[in-house]
1. Look at the stretch 207-221 and say how many of its residues are crowded, with 17+ Cβ neighbours inside 10 Å and assigned to a loop (DSSP other than H, G, I, E, B).
2. With the requirement that a residue be more than 21 Å from residue 181 (Cβ to Cβ) and either among the charged types (D, E, K, R) or crowded, with 17+ Cβ neighbours inside 10 Å (or both), what does the stretch 120-143 give you?
3. Show the residue pairs that are 6+ apart or on different chains and have beta-carbon atoms under 8 Å apart, the first residue being within the stretch 159-175 and within 20 Å of residue 79 (Cβ to Cβ) and at pLDDT 90 or above, the second being among the polar types (S, T, N, Q) and open to solvent by less than 10 Å² (accessible area, probe 1.4 Å).
4. Is there any pair linking a residue in the stretch 182-203 that is open to solvent by less than 10 Å² (accessible area, probe 1.4 Å) to one that is of a type in the set (Lys, Arg), with Cβ under 9 Å and at least six apart or on different chains, and which?
5. Tally the residues that are in contact with a Ser or Thr (Cβ under 9 Å, 6 or more places away or on another chain) and either more than 22 Å from residue 81 (Cα to Cα) or small (Gly, Ala, Ser) (or both), restricting the search to the stretch 1-36.
6. Can you tell me which residue within the stretch 5-59, out of those that are among the acidic types (Asp, Glu) and farther than 16 Å from residue 222 by Cα, is modelled with the lowest pLDDT?
7. Please enumerate the residues belonging to the stretch 103-118 that are under 16 Å from residue 83 (Cα atoms) and either at pLDDT 95 or above or in a helix (DSSP H, G or I) (or both).
Amino acid sequence: MDGIRLSMEGIEVAYNGDITVLRDMAVTGEPGQVTGIIGPNGAGKSTVLKTFFGLLRPKKGRIMLGDQDITRQKAHQRALEGIAFVPQHRSTFADLSVRDNLLLGCWPFRRDKKRMHTAVERVLDEFPVLRERPDAPASSLSGGQQRFLEIARALVIEPKVILLDEPTAMIAPKISKEIYALIRTLADRGATILLVDQNVRSCAAVADKLYILELGRNKAEGSRDDFASDDQLRGMVSEWMDYKIDA
C-alpha cells in the first residue's frame, strides 16, 4: 500500500457556526505509521477525523494531502484521492449481504465492473471470516465481524490513508486484538493510519506517534517512546486517565 502524508495546520472548526470545537489544531499522519489521537471525551478527537475526511469544513486553516491542498474538497472527492474513513458508530447496511456492503465501498469506481469484482474478491481473501459468508446479511454477523466488514469495505479502494474512529468500541477483547494487529499490518504495508481511540494502552502499543487533545487543542505530541520516557508527557495522560504507558 502506498501511503501519503496527511496533515492539518491552524484548523478551526465550529458547529452551528459559533460553537468552536477545534482551535488551531495541527495533526500529521505519515506513510507507514499509525498516528494515535487520544484524550478525554469531548476533546475533539472524532472531529479531527471528520474534518480530515471532509464531513466538516474548517473556518480556518489548511489540510494537505502530500503537496495538494484539499481543504475545500468534499468527502467523495477525498475518497477518490485515496482517503478512507471508518466511523465509530456501526455503518454496515444491515439488510444487504456482505458482498453488497463491499460493493458499496467501490462507489468511487462504480462504472468499472471488472475493477469492482477484483477489489471485492481481494478483500474477501484478506478477511476469511467474510469469505466464509459473502451472501449473508450484515445483520447476521457478530459485532466484531461487522467491524471487520466496515474495515474491509474501506480497503476496497486500496486507500493511501485510513481514518479509524474507535475501531474496537464495544468489541470483545479477542476480536479487538485482531483489529489492532490488522491496523499495525496495514501501516507496515505502507498505509497512513490515523487512529482515534479511548483505549490508551492499546493505542500506545500500536502507534508510532501520539497526540493528546484537550478541549479542541493540541496538548502534547510525541513518539510512543517519548510518552514512555518523559515524565511530563506521562503526567498529561494521568490527568484524565489513571494509566501507565509501558516502554
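The values are calculated or read from the model by the stated rules, or taken from the named source; none is laboratory data. Computed from a predicted model, the values in this text were never measured in an experiment. Don't worry about glycine lacking a Cβ; one is built from the backbone with ideal geometry, like all the others, and counts go over all protein chains shown. When the accessible area is computed, the model is the full protein with side chains, heavy atoms only, and any ligands, DNA or RNA have been set aside. Shrake-Rupley method; radii C 1.70, N 1.55, O 1.52, S 1.80 Å.
1. Total meeting the criteria: 3.
2. Step one: filter the stretch 120-143 for residues more than 21 Å from residue 181 (Cβ to Cβ), giving 120-121, 133-140.
Those that are more than 21 Å from residue 181 (Cβ to Cβ) and either among the charged types (D, E, K, R) or crowded, with 17+ Cβ neighbours inside 10 Å (or both): 120, 121, 133, 135, 138.
3. Here the result reads 160/192; 161/192; 162/192, each pair linking the stretch 159-175 to a residue that is among the polar types (S, T, N, Q) and open to solvent by less than 10 Å² (accessible area, probe 1.4 Å).
4. 191/160; 192/5; 192/160; 193/184; 196/45; 197/45
5. Qualifying residue count, the stretch 1-36: 12.
6. Looking only at the stretch 5-59, we keep the residues that are among the acidic types (Asp, Glu), and these are 9, 12, 18, 24, 30.
Okay, now just the ones that are also farther than 16 Å from residue 222 by Cα, so 9, 12, 18, 24.
Numbers: 9: 97, 12: 96, 18: 76, 24: 95.
So, considering only residues that are among the acidic types (Asp, Glu) and farther than 16 Å from residue 222 by Cα, the one modelled with the lowest pLDDT is 18.
7. Step one: of the stretch 103-118, the residues under 16 Å from residue 83 (Cα atoms) are 104-109.
Passing the criteria: 104, 107, 108, 109.
Yes or no, residue by residue, for (1) small (Gly, Ala, Ser); (2) open to solvent by 50 Å² or more (accessible area, probe 1.4 Å); (3) closer than 23 Å to residue 146 by Cα:
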site	(1), (2), (3)
18	no, yes, no
28	no, no, no
35	no, no, no
43	yes, no, no
46	yes, no, yes
56	no, no, no
74	no, yes, no
83	no, no, yes
114	no, yes, no
